[in-house]
Amino acid sequence: MNRWNLWAVAKQLSAIGLVGLNRRNAEYVLTHNQRKYYPRVDDKLITKNMAIAQGLPVPELYAVIREEHEIDELHAKIKTRETFVVKPAHGSGGDGILVITGRKGNRYRRSNGQLMTHDEFNHHISNALSGLYSLGGQADHVLVEYCVQFDPIFDHVSFRGVPDVRIITFKGYPVMSMIRLPTRMSDGKANLHQGAIGVGIDIPTGITCRGVFGNELVKEHPDTEHSIIDLQIPRWDELLMIAAKSSDLSGLGYVGVDIVLDRDLGPMILELNARPGLAIQIANGQGLALRLRKIDALASLAKDPLERIAFSKANFATV
């Protein structure tokens, strides 16, 4: 595994427009994201319903649990489902997400291979309803939805989980992207804070360029030892279009759009994020600021998402 000193890289990035947390919040999140639109992205059920209304693809919803007494009824609703995902509507950072990949008798098999009894399953949902995994600890509701079966291109670069593509958009323009690859450390979750790998994606081509794993830059997946570089993301233009349209849908000027690639159903919106993380810059080896300034400098903003995508492809190459 090839490794570099991230601190040296961060120092270099500061000279080419590295955006830090305070700057992101002050200049982009607070300035371009009106608080009234936050429920559109902070509540996954609202996001899903709005996307469906606009004809954008999302994983099928099997059930919504809002009250404790509905938990026992859930088992009957999903009795024919071998695989599904449970997630708190207001969860963040992947907390509280439960991926079920099969059954054994009356028990559910998790993505890590462990089995859960009905009581353990019920307890997890009860905790989610109480707000254990939610932003601000607020009482929550729980979604049960289709479990994405990832595209086979990711067979050798993902560990027991579904990779997702994050595209940061600014004023409707895709500006930077990465794919997040689950690892053994992340317990199969595509979340960088829990140990997933972030791999930068070149906006014009959809080809991966370099990766970050914890505090190291990497070229191979730590569990599979396969290269994570020069992978062509399938249906890349579709992903860019979904991101551009999702930005319009959200009402937010600065938003992260998370998309999964199903082997049968194609790309689907997983969620939107009003405060997308900044490790995407390390994964791409470029700072966000220069790209954001180019959009700020435009005399007018294109309304047609195709025009916005064309601008991004012409201006935001990583490789």
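The values are calculated or read from the model by the stated rules, or taken from the named source; none is laboratory data. Because the structure is predicted, anything quoted here is derived from the model rather than measured. Virtual Cβ from ideal backbone geometry, glycine too; neighbours counted across all protein chains shown.
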Tell me, yes or no, whether the range 277-284 has at least one residue that is touching a Phe, Trp or Tyr at 6+ places or on another chain (Cβ under 9 Å) and in contact (Cβ under 8 Å) with a residue 60 or more places away in the chain.
no
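The rows are residues; the columns are (1) among the small types (Gly, Ala, Ser); (2) in the same structural domain as Ala299 (by TED's automatic domain parsing); (3) farther than 15 Å from Leu270 by Cβ; (4) in contact with a Leu (Cβ under 9 Å, 6 or more places away or on another chain).
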residue: Gln138; (1), (2), (3), (4): no, no, yes, no
residue: Val157; (1), (2), (3), (4): no, yes, yes, yes
residue: Asp164; (1), (2), (3), (4): no, yes, no, yes
residue: Gly172; (1), (2), (3), (4): yes, yes, yes, yes
residue: Leu181; (1), (2), (3), (4): no, yes, no, no
residue: Ser186; (1), (2), (3), (4): yes, yes, yes, yes
residue: Lys189; (1), (2), (3), (4): no, yes, no, no
residue: Gly200; (1), (2), (3), (4): yes, yes, yes, no
Output the residues belonging to the range 147-176 that are of a type in the set (Phe, Trp, Tyr) and either touching a Phe, Trp or Tyr at 6+ places or on another chain (Cβ under 7 Å) or without any contact (Cβ under 8 Å) to a residue 24 or more places away in the chain (or both).
Phe170, Tyr173
Would you confirm whether any residue within the range 231-253 is among the acidic types (Asp, Glu) and within 21 Å of Thr205 (Cβ to Cβ)?
yes
I want to confirm something. Restricting to the range 101-129 and keeping residues that are within 30 Å of Pro276 (Cβ to Cβ) and at pLDDT below 95, which single residue is surrounded by the most Cβ atoms within 10 Å (Cβ to Cβ)?
Ser111
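Condition check: out of contact with any strand residue (DSSP E or B) (no Cβ under 9 Å at 6 or more places or on another chain) and β-branched (Val, Ile, Thr). Does Thr224 satisfy that?
Working: out of contact with any strand residue (DSSP E or B) (no Cβ under 9 Å at 6 or more places or on another chain): yes; β-branched (Val, Ile, Thr): yes.
Spelling it out, Thr224 is indeed out of contact with any strand residue (DSSP E or B) (no Cβ under 9 Å at 6 or more places or on another chain) and β-branched (Val, Ile, Thr).
Within the range 214-244, can you find the residues that are farther than 25 Å from Ile52 by Cα and surrounded by 20 or more Cβ atoms within 10 Å (Cβ to Cβ)? Working first, answer last.
So the first thing to find is which residues in the range 214-244 are farther than 25 Å from Ile52 by Cα, and the list is 214-232.
Listed by number, the residues that qualify are Val218, His221, Ile228, Leu231.
Got a sec? Which strands (runs of 3 or more DSSP E) wholly within the range 20-118 have at least 2 residues that are in contact (Cβ under 8 Å) with a residue 24 or more places away in the chain and either under 27 Å from Asp262 (Cβ atoms) or not aromatic (Phe, Trp, Tyr) (or both)?
Details: elements: 61-65, 84-88, 98-104, 107-110.
Once the strands (runs of 3 or more DSSP E) in the range 20-118 are filtered for at least 2 residues that are in contact (Cβ under 8 Å) with a residue 24 or more places away in the chain and either under 27 Å from Asp262 (Cβ atoms) or not aromatic (Phe, Trp, Tyr) (or both), what remains is 61-65, 84-88, 98-104.
Which residues, taken from the range 245-258, are hydrophobic (A, V, I, L, M, F, W, C) and either surrounded by 24 or more Cβ atoms within 10 Å (Cβ to Cβ) or touching a Cys at 6+ places or on another chain (Cβ under 9 Å) (or both)?
At the first step, the residues of the range 245-258 found to be hydrophobic (A, V, I, L, M, F, W, C) are 249, 252, 255, 257.
If the condition is that a residue be hydrophobic (A, V, I, L, M, F, W, C) and either surrounded by 24 or more Cβ atoms within 10 Å (Cβ to Cβ) or touching a Cys at 6+ places or on another chain (Cβ under 9 Å) (or both), then Leu252, Val255, Val257 are the ones that fit.
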For the range 285-295, name all the residues that are in contact (Cβ under 8 Å) with a residue 40 or more places away in the chain, surrounded by 14 or more Cβ atoms within 10 Å (Cβ to Cβ) and at negative phi.
Gln286, Gly287, Leu288, Ala289, Leu290, Arg291, Leu292, Ile295
Whether any residue in the range 201-213 is surrounded by fewer than 20 Cβ atoms within 10 Å (Cβ to Cβ), within 15 Å of the chain's Cα centre (by Cα) and within 22 Å of Phe159 (Cα to Cα) is what I want to check.
no
